[in-house]
Amino acid sequence: MINVEMLSTGDEVLHGQITDTNAAWLANFFFEQGLPLTRRNTVGDSLDALVSILRERSEHADVLIVNGGLGPTSDDLSALAAATAKGEELVLHTEWLAQMERFFTERGRVMAPSNRKQAEIPASAELVDNPVGTACGFALTLNRCLMFFTPGVPSEFKVMVEREILPRLRARFTLPEPPICLRLTTFGRSESDLAQSLDHLTLPEGVTMGYRSSMPIIELKLTGPASQKAAMQALWPEVQRVAGENLIFEGTEGLPLHIARDLQERQLSLTLSEQFTGGLLALQLSRAGAPLLASEVVPSQEETLAQTAHWAAERRVNHFAGLALAVTGLEDEHLNFALATPQGTHALRVQMSVTRHSLQVRQEVCAMMALNMLRRWLLGKEVASEHGWINVVDSLFIE
């Protein structure tokens, strides 16, 4: 097994001022390639600290991905740290300097003198192309470790990993076959409840049952080596059975994308009216490419269940939409949902039981409830289902 590590740099990352999304992305991407990270470190903008950790990890890692510190400012120290750790000078890469100058000229801008720093790399380093930015990456070998230095901008980092770094790793190492990971996502049950219901599973050697909680959903993951694929597929129906009515989608695409695809295939348009969710439904569905005809966020107001149902039905008719989905305001921990369809309007009054959570979490729970209501109708199921956080206290159907 190749020992692959990541080093994130920058005071803003070290001190938690920004979220290290690059580390999370790389860990998942490399895992899917059969290259799970064995260690992740973070260091601030200190030359001594950077040199020290580069030398330390070069004695242990086979591959080290260093992220950040390749910009034009004085606190961008990765190239200097790499050269210092190896005991050599920085040299100007004239071809990259020319490419940078073209980059600015094509955009009608003049390159600042400080950008010249981004074309300086350690003398023994190999340039790693950055097709979407001005900071070139580079690779060098220090002791036993092959190190790749990459910019911190996520769009640049991801392209370089996929197009430049992974092919180099495949050429240099015999990579293991990627692991198998079967995933499903549930809504409405706790992690402990699901884990207890799956304790009876006898897992094959090397296979693990994992749980990822991200309110309001729980993801179940059955992960193991490719050699255990058949055994894992034989177990999977039992995981699906335990998830039961709480299973909202399989894979990694997310519920909004599944719904958007289903609406497109059926040539159904959708209009939305939101109060408590404040446009969260529209945001999630529009990002997924759902066919939205109209979307509105209206002030919270008291409504009976019948009023909500009629409101949704009117929105469907007025906008010539195939479907209309409405969420009312939250009053005394109660709110209404309504889904207007060509066959009639389904309405639910529910009581929330997650009052200890923040407003954002409660809005996300309600948005998921609305999406799940739509998902269940699209699957031909009853729109209401049991949830650990939401109790349906009344329901109504109007033709």
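Which length gain, in nm to one decimal place, applies between Asp394 and Glu245 when the Cα-Cα distance is subtracted from 0.36 nm times their residue separation?
Contour length minus Cα-Cα distance gives 51.7 nm.
Taking θ = phi - 60°, what integer Hz values does the Karplus form 6.51 cos²θ - 1.76 cosθ + 1.60 yield along the range 257-262, in sequence order, with x for Gly and Pro?
In residue order, the calculated couplings are 5, 4, 5, 4, 5, 5 Hz.
With a Cα-only, solvent-free Debye model of the range 139-206, what are the log10 I(q)/I(0) values at q = 0.19, 0.23, 0.24 Å⁻¹?
For the range 139-206, the Cα-only Debye profile gives -0.88, -1.09, -1.16.
Along each principal axis of its Cα atoms, how long is the range 1-89 end to end? Whole angstroms, biggest number first, please.
36, 31, 19
Calculated from DSSP H runs of 4 or more alone, at -39500 (n - 2.57) each and per residue, what is the 222 nm mean residue ellipticity of the chain, nearest 500?
It lands at -10500 deg cm²/dmol.
Normalise the Cα radius of gyration of the range 1-151 by 2.2 N^0.38 Å (N = residues in it) and let me know the number.
For the range 1-151, the normalised Cα radius of gyration is 1.04.
From the backbone phi of the range 275-284, what are the Karplus-calculated ³J(HN,Hα) couplings (6.51 cos²θ - 1.76 cosθ + 1.60, θ = phi - 60°) in whole Hz, Gly and Pro given as x?
Per residue, the Karplus-derived 3J(HN,Hα) values read 10, 4, 7, x, x, 5, 4, 4, 4, 5 Hz.
Over the range 199-343, what is the percentage of antiparallel beta bridges among all DSSP beta bridges, to the nearest 5?
Of all bridge pairs located within the range 199-343, approximately 55 percent are antiparallel.
Give me the Debye-computed log₁₀ of I(q)/I(0) at q = 0.06, 0.10, 0.11 Å⁻¹ for the chain, equal point scatterers on Cα only, no solvent, two decimals.
-0.35, -0.85, -0.94
At 1.4 Å probe size, with the rest of the protein present, what percent of the exposed accessible area of the range 1-133 is carbon and sulfur atoms?
Its accessible area is 49 percent carbon and sulfur atoms.
Name the most mobile residue of Ala321, Ala171, Ala81, meaning the one with the largest mean-square fluctuation, in a Gaussian network model of the chain with Cα contacts below 10 Å.
Answer for the Gaussian network model of the chain: Ala171.
What number does the range 266-386 give for Rg over Rh if you use C-alpha atoms and the Kirkwood radius?
For the range 266-386, the value is 0.93.
With the chain treated as a Gaussian network of Cα nodes joined by springs under 10 Å, which of Gln33, Gln275, Gln267 yields the largest mean-square fluctuation?
Gln267
Considering only Asp45, Asp332, Asp75, give the residue with the highest GNM mean-square fluctuation for the chain, with springs between Cα atoms whenever their separation is below 10 Å.
Looking only at Asp45, Asp332, Asp75, the largest GNM fluctuation is found for Asp332.
Per residue, how much accessible area does the range 113-168 show when a 1.4 Å probe rolls over the protein heavy atoms, in square angstrom?
Each residue of the range 113-168 exposes 37 Å² on average to a 1.4 Å probe.
If you take the alpha carbon radius of gyration of the range 132-263 and divide it by 2.2 N^0.38 Å, what ratio comes out, to two decimals?
So the Cα radius of gyration is 1.39 times the expected 2.2 N^0.38 Å.
Using the 2.2 N^0.38 Å rule of thumb for compact globular proteins, work out how the range 73-156 stacks up: its C-alpha Rg over that value, please.
1.09
Please find the FRET efficiency linking Ser192 to Gln343, where r is the Cβ-Cβ separation and R0 is fixed at 22 Å, and quote it to the nearest 0.05.
The pair Ser192/Gln343 has a calculated efficiency of 0.05.
Tell me, what is the FRET efficiency for Glu162 and Ala234 to the nearest 0.05, using R0 = 35 angstrom and their Cβ-Cβ distance as r?
0.60
Return the percentage of antiparallel bridges among DSSP beta bridges fully within the chain, rounded to the nearest 5 %.
Once the DSSP bridges in the chain are tallied, antiparallel ones form about 65 percent.
Need one number for the range 312-360: average projected area of the convex hull over its C-alpha atoms, nm².
If you wrap the Cα atoms of the range 312-360 in a convex hull and average its projections, you get 4.0 nm².
Grab every C-alpha pair in the range 332-399, bin the distances at 5 angstrom width from 0 up to the longest one, and report whole percents.
4, 16, 29, 25, 15, 8, 3, 0
The values are calculated or read from the model by the stated rules, or taken from the named source; none is laboratory data. Keep in mind that this is a model prediction, so the values were computed, not measured. Neighbour counts are summed over all protein chains in view; Cβ atoms, including those assigned to glycine, are modelled from backbone coordinates with ideal geometry. The accessibility values were calculated without ligands, DNA or RNA, using every heavy atom of the protein model including side chains. Shrake-Rupley method; radii C 1.70, N 1.55, O 1.52, S 1.80 Å.
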